[in-house]
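Asks: Below is one structure. I have some questions about it.
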Amino acid sequence: RVVVVGSANLDLGVAVPHLPTPGETVLGDEVAARPGGKGSNQAVAARRLGADTLFFAAVGDDRFGADVRAALAAEGLPPDHLTTVAGIATGVALIVVDTAGENTVVVAPGANARLTDDALAALPATLSSDAVLVLQLEIPLATCLAAARHARDAGARVVLNAAPLPDPVPPTMATLLRHVDVLVVNEGEALRLAGVPTTDWAALAAGLRTHGPAACVITLGERGAVHADAVGVTAHAAFPVDAVDTTGAGDSFVGALAASLADGQSLPEAVHRGCAAGALATTRMGAQSALPTRADLDRFRAT
Ligand code: ADP
């Protein structure tokens, strides 16, 4: 089983001829409302790949909250662990994309900032030694830490995608990292967490293990990924694809990695599947809409 504790947003996207400068008004296309947020994306990614997936998140008591609930239900994610926070707006990401694919994003966390440990009362009962808990950093760090502690008590593994990484990195991160089994970061996050300037990703992955995680995975975009564990460091080549939109590649990677680990596969196999799912997500527009199903992934890996 995969248990995700994280953010749920409604993404409001609009295409514009050029990004507005301060004070400027630009006319855009019709607005598109889509479910998003790293927690929601990663839960949907794991679910589409066939994992028994539960999602703990908070939405507001507004229309967007109802939209988010409906979208998750349509993906087969039970609403049981979605908390509705009264008087607070659902998290929203305002995304503006120009014709060159450049974007600006404003995130209003709303109810995600109110996902406190009270909302995790049912979490311990969902965790056992074969469960994989998946966390990101779009909810309060204290809630991530509480969730990770529950997982430790249950003997479940903890996967932390340390994104987005706050600047500066808060002191609580050091405590959280000691409760993590598999840390997943991209290049920028790896550099800031380690605090050393280097492009030796293998050394960096191995070095991040000294912060607590038994294993560390650094995703390298079109150059694949590298993982370090007690056995050593392994580089994974990217699957060659014609990328059209890299949004959601990281979430696709994390969801697939978690689903694979929950399925009993080894870390190298899980990273390999993550790379395949990440690559596949770049071949389609959008974030959640681009996440592959199990059939998509099997077909892709067979070619
Ligand atoms: P993030 O979006 O979090 O920065 P990455 O860009 O590193 O994450 O992408 C996550 C994973 O998706 C990578 O490790 C890689 O396996 C895959 N991926 C991303 N971009 C490409 C690409 N252009 N071609 C092939 N695989 C890709």
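Derivation of every value follows stated rules applied to the coordinates shown; laboratory data play no part. Because the structure is predicted, anything quoted here is derived from the model rather than measured. Cβ atoms come from the backbone with ideal geometry, glycine included; neighbour counts cover every protein chain shown.
Asks: Taking the chain as a Gaussian network, Cα atoms linked when under 10 Å apart, which of 72, 94, 208 shows the biggest mean-square fluctuation?
Replies: 94
Asks: For residue 63 and residue 14, calculate 0.36 nm times their separation in residues minus their Cα-Cα distance, and state this gained length in nm to one decimal.
Replies: That works out to 15.7 nm of additional length.
Asks: I've got another one for you. Treating the beta-carbon of each Lys and Arg as +1 and of each Asp and Glu as -1, no other charges, what is the dipole magnitude of segment 231-303 about its Cα centre, to the nearest 20 debye?
Replies: For this selection, approximately 80 debye.
Asks: Moving on to the next point. Can you work out the Karplus-derived ³J(HN,Hα) for every residue in segment 240-254? Use 6.51 cos²θ - 1.76 cosθ + 1.60 with θ = phi - 60°, whole Hz, and x for glycine or proline.
Replies: With coefficients 6.51, -1.76 and 1.60, one gets x, 9, 8, 6, 10, 7, 7, 4, x, 4, x, 5, 4, 4, 5 Hz.
Asks: Follow-up. Apply the a/c threshold of 1.5 to the C-alpha gyration tensor of segment 58-97 and tell me whether it is rounded, prolate or oblate. Each step should come with its number before you reach the end.
Replies: Numbers: a/c = 2.51, a/b = 1.19, b/c = 2.10.
Verdict is oblate for segment 58-97.
Asks: Which of rounded, prolate, oblate describes segment 1-85, given a ≥ b ≥ c as roots of the alpha-carbon gyration tensor eigenvalues and a/c under 1.5 marking rounded, otherwise prolate only if a/b is larger than b/c?
Replies: Because a/c hits 1.5 or more and a/b exceeds b/c, segment 1-85 counts as prolate.
Asks: If contacts are Cα pairs under 8 angstrom and at least 6 residues apart, what is the relative contact order of segment 180-303 in percent?
Replies: The normalised contact order for segment 180-303 reaches 20 percent.
Asks: Here's another thing I want to ask about it. With a cut-off of 8 Å between alpha carbons and a minimum separation of six or more residues, what is the relative contact order of the chain in percent? Provide the component values of the computation, followed by the final result.
Replies: Values: 720 pairs, mean separation 50.5, N = 303.
Value for the chain: 17 percent.
Asks: State to the nearest 20 debye the size of the charge dipole of the chain about its Cα centre, where the only charges are +1 on K and R beta carbons and -1 on D and E beta carbons.
Replies: 680
Asks: According to a simple spin-label model (label point 7 Å from Cα along Cα-to-Cβ), what is the distance in nm between residue 303 and residue 30?
Replies: Here the answer is 3.0 nm between the modelled labels.
Asks: Pull out a ≥ b ≥ c, the square roots of the eigenvalues of the alpha-carbon gyration tensor of segment 56-176, then state rounded if a/c is under 1.5, prolate if not and a/b is larger than b/c, and oblate in the remaining case.
Replies: Taking the square roots of the gyration eigenvalues as a ≥ b ≥ c, segment 56-176 is oblate.
Asks: Using θ = phi - 60° and the Karplus form 6.51 cos²θ - 1.76 cosθ + 1.60, what ³J(HN,Hα) does each residue of segment 67-75 get, whole Hz, x for Gly and Pro?
Replies: 5, 5, 4, 5, 5, 5, 4, 5, 8
Asks: Using alpha carbon centroids, what distance separates segment 105-152 and segment 220-245, in Å?
Replies: Segment 105-152 and segment 220-245 have Cα centres spaced 27 Å from each other.
Asks: With a cut-off of 8 Å between alpha carbons and a minimum separation of six or more residues, what is the relative contact order of segment 224-283 in percent?
Replies: Working: 92 pairs, mean separation 25.8, N = 60.
Relative contact order of segment 224-283: 43 percent.
Asks: Now for a different question. What does the charge dipole of segment 1-138 about its Cα centre add up to, to the nearest 20 debye, if the Cβ of each Lys and Arg holds +1 and the Cβ of each Asp and Glu holds -1?
Replies: In total the dipole reaches around 300 debye.
Asks: Taking 0.36 nm per residue of sequence separation and subtracting the Cα-Cα distance, how much length would be gained by fully extending the chain between residue 265 and residue 73, in nm to one decimal? Please report the intermediate quantities before stating the final value.
Replies: Numbers: separation 192, 0.36 × 192 = 69.12 nm, distance 2.74 nm.
Stretched fully, the residue 265-residue 73 segment lengthens by 66.4 nm.
Asks: Residue 11's amide H: which non-local residues (gap 5+, or another chain) put their own amide H closer than 5 Å, with H modeled 1.01 Å from N in plane and none for Pro or chain starts?
Replies: Amide H neighbours of residue 11, under 5 Å, 5+ apart: 34, 36, 93.
Asks: Counting each DSSP H run of 4 or more residues in the chain as -39500 (n - 2.57), what helix-only mean residue ellipticity at 222 nm follows after dividing by all residues, to the nearest 500 deg cm²/dmol? Numbers along the way, then the final one.
Replies: Numbers: 10 runs with 101 residues, N = 303.
So the helix-based figure for the chain works out to -10000 deg cm²/dmol.
Asks: Just to be sure I understand: with springs between alpha-carbon atoms less than 10 Å apart, which residue in 33, 74, 258 has the highest mean-square fluctuation in the Gaussian network model of the chain?
Replies: Highest fluctuation of the listed residues: 74.
Asks: To the nearest 0.05, how large is the calculated FRET efficiency for residue 117 and residue 80 if R₀ is 22 Å and r is the Cβ-Cβ distance?
Replies: Rounded to the nearest 0.05, the efficiency is 0.80.
Asks: Residue by residue, what Karplus-based ³J(HN,Hα) values in Hz, rounded to whole numbers, does segment 195-212 have, using 6.51, -1.76 and 1.60 with θ = phi - 60° and x for Gly and Pro?
Replies: Computed from phi, the couplings for segment 195-212 are x, 10, x, 7, 10, 7, 5, 4, 5, 5, 4, 5, x, 5, 5, 5, 7, x Hz.
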